[in-house]
Number of protein chains: 2
Amino acid sequence: MQIAILLYDRFTSLDAVGPFELLSRLPGAETVFVSKQPGPVRNDQGNLALVADRAITEVTAPDIVLVPGGPGSRQAMHDETLLDWLRAADATSTWTTSVCTGSLVLAGAGLLDGRRATSHWLALDDLVPYGAEPTGERVVFDGKYVTAAGVSSGIDMALHLLGRIAGDDVARTVQLMTEYDPQPPYDAGSPEKAPEPVVAFSRTLADEVSTAKG
Amino acid sequence: MQIAILLYDRFTSLDAVGPFELLSRLPGAETVFVSKQPGPVRNDQGNLALVADRAITEVTAPDIVLVPGGPGSRQAMHDETLLDWLRAADATSTWTTSVCTGSLVLAGAGLLDGRRATSHWLALDDLVPYGAEPTGERVVFDGKYVTAAGVSSGIDMALHLLGRIAGDDVARTVQLMTEYDPQPPYDAGSPEKAPEPVVAFSRTLADEVSTAKG
C-alpha cells in the first residue's frame, strides 16, 4: 500500500499533514510526499517548507493519491505536468482524494466530472464549471473519489478511509493514538454555525488572498 | 508577535503543524520553525521532513514558544542545548506551550515544576518525576504555560490561545477559515471513550515504540 501526497507551491500545510498523520499509521503503508521536483516546497504563508522526498516521475502507481488545497491550487489546477501525473496515477489508484481546494486540482484533471464532491466552503462554486456537483458535506465519497471540505477536514477524511481500508478498530486505534477527541472552545467551524460578522469578514479575507496571490 | 516552533529529530508532524496552521493566522504574527541546525528535520516515522528555517541561536526571544511531541522527545528532554534555549526563551516569552510529549521537554527544562500540565495519555505519568501535576484535560492553562494532550489536541490549544490573545472573533474567524468543524466517524479519541481492546492494543503499540526507538 503506497500513499502519495502531492505538494505544490503555496499549498496549505494542515491540508496535507492532517490526513498524512493518520493515514500513514495504516499498518504496512508507505507514505511519500511528491512534487514536480524533489526538495522543499513552501506553503501558502511562506513560513513552512515540507520536503518532497520524491519527484512525481518516481511515484507512478500509488494506491492512494492525496491532493491538498491552498492558494496555489489555482495554478496547480492548470499545470499540465501535474494534471498528467494525476490522471496517470488515478488510472491505477484505489482511492483518489483531496482536501480543501485540492478538489479543484482533481477537477482540473477532469476527474470529478459528473461526481459529487466538496471543497473549502468559499470554493464550492468553483467546482461547477468542471462538471462536479458540490455538496456541503464534510467528507464526500463518490466511488473511489473522496473529497474533504476545508483544511482540517482531511483528518476526518483519513479516519473514514482507514475504516474502509482496514476496518473500524484500526481506525479507532489511530484515533486514540492521535488523541483525536476534538473539543474546540468555539462552534464556528462552518458558515452555518459561525456568527454572520465572522462569515462576512472571512469572505473579505478570501478576496484579499485571491487578489494578492492570484 | 513572534511564534517559534521547535523541531527535533523524530517529532510528530501533526503536533507541530496542527497548531501552526491556526496560530500563524494571527494577524501580525511571524511564525518560524527552529531547530539546533537550520534545515530539514525528519519526523517520527521517517517519511516527512519539515524545514527549520532558523537555528535556535537566531531566535532568542519569541513571544510564543511551541514544543511538539513525538518519540524523539525522550532524547530532546535531556538535550542541554535545547533545554538551555528553552529556558532562555521562556524567560521572556508571553506563552510557553507544548503538544503531546512536548510537555516532557518543558518538564526536562524544569518549567513545569509545581504546575498542572498534560501530555499524550500514555505519557501522563512521566511528568510526575519533574514535579508536574498531570491532568486528563485536553488543554491545560497554568499561568503562561499551556500544554495540550496527544497529537491532534494542539489544534484546540491554538484556538484557546487565539481567543486569549486576539479575542473570540479572531479565533472564530480562524476556525471558520480552517473549517474546523470536527465530525470524526468514530468516538474513540480518548482512553475513556475507546473500546477496551483498542485501548489495550494501543498500549502495546506504545511499548513497541519505546523498545524500538528508546
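The values are calculated or read from the model by the stated rules, or taken from the named source; none is laboratory data. Being a predicted model, the structure only gives us computed values, none of them experimental. As a convention, Cβ positions derive from the backbone with ideal geometry for all residues, glycine included, and neighbour counts pool all protein chains shown. For the accessible areas, the whole protein counts, side chains as well, though only heavy atoms, and no ligand, DNA or RNA atoms are used. Shrake-Rupley method; radii C 1.70, N 1.55, O 1.52, S 1.80 Å.
Side notes on the structure shown:
- For chymotrypsin sites (Phe, Trp or Tyr not before Pro), no site in segment A:110-204 is both called loop by DSSP and has at most 11 other Cβ atoms within 10 Å.
- Residues of the protein assembly as shown: accessible area per residue with a 1.4 Å probe, Å²: 35
- If only the Cβ of Lys and Arg carry +1 and only the Cβ of Asp and Glu carry -1, the dipole of segment B:39-117 around its Cα centre is close to 240 debye.
- Residues of segment A:25-48 whose accessible area (probe 1.4 Å, heavy atoms of protein chains only) drops by at least 50 Å² once all protein chains are present, relative to their chain alone: A:Q45, A:N47, A:L48.
- Each of A:V65, A:L83, A:G39 was scored by the projection of its Cα onto the charge dipole of segment A:14-84, and the greatest displacement toward the positive side belongs to A:G39; charges sit on the C-beta of Lys, Arg, Asp and Glu.
- Once C-alpha pairs closer than 8 Å and six or more residues apart are averaged by separation and normalised to the residue number of chain A, the relative contact order reads 18 percent.
- When a 1.4 Å probe is rolled over the protein heavy atoms, the share of accessible surface on the protein assembly as shown that falls to carbon and sulfur comes to 49 percent.
- Scanning residues 5 or more positions from B:L48 or on other chains, those with amide H under 5 Å from its amide H are B:N43, with H placed 1.01 Å from N in the peptide plane.
- Summed over both chains, the accessible area lost when A and B associate is about 5700 Å², using a 1.4 Å probe.
- Nearest-20 debye value, chain A charge dipole, Cβ charges on Lys, Arg, Asp, Glu: 220
- At R0 = 60 Å, FRET efficiency that the Cβ-Cβ distance of A:D125 and B:D113 yields, to 0.05: 0.65
- For the set A:K36/B:K144; A:K36/B:K36; A:K193/B:K193; A:K36/A:K144, the pairs lying more than 31 angstrom apart at their alpha carbons are A:K36/B:K144.
- Anisotropy class assigned to chain A is rounded, per the alpha carbon gyration tensor with a/c under the 1.5 cut-off.
- Since only A:P129, A:G143, A:G110 are under comparison, the one whose Cα sits farthest along the positive direction of the charge dipole of chain A, derived from C-beta charges on Lys, Arg, Asp and Glu, is A:G110.
- Beta bridges by DSSP in the protein assembly as shown, antiparallel share as percent, to the nearest 5: 30
- Potential lengthening between B:T135 and B:E80 on full extension [0.36 nm per residue; Cα-Cα distance subtracted]: 17.1 nm
- In Hz, Karplus ³J(HN,Hα) per residue of segment B:142-159 (6.51, -1.76, 1.60; θ = phi - 60°; x = Gly, Pro): 9, x, 8, 8, 10, 10, 10, 6, x, 5, 6, 5, x, 5, 4, 4, 4, 5
- Distant-in-sequence amide H partners of B:D142 (H built 1.01 Å from N, under 5 Å): B:T147
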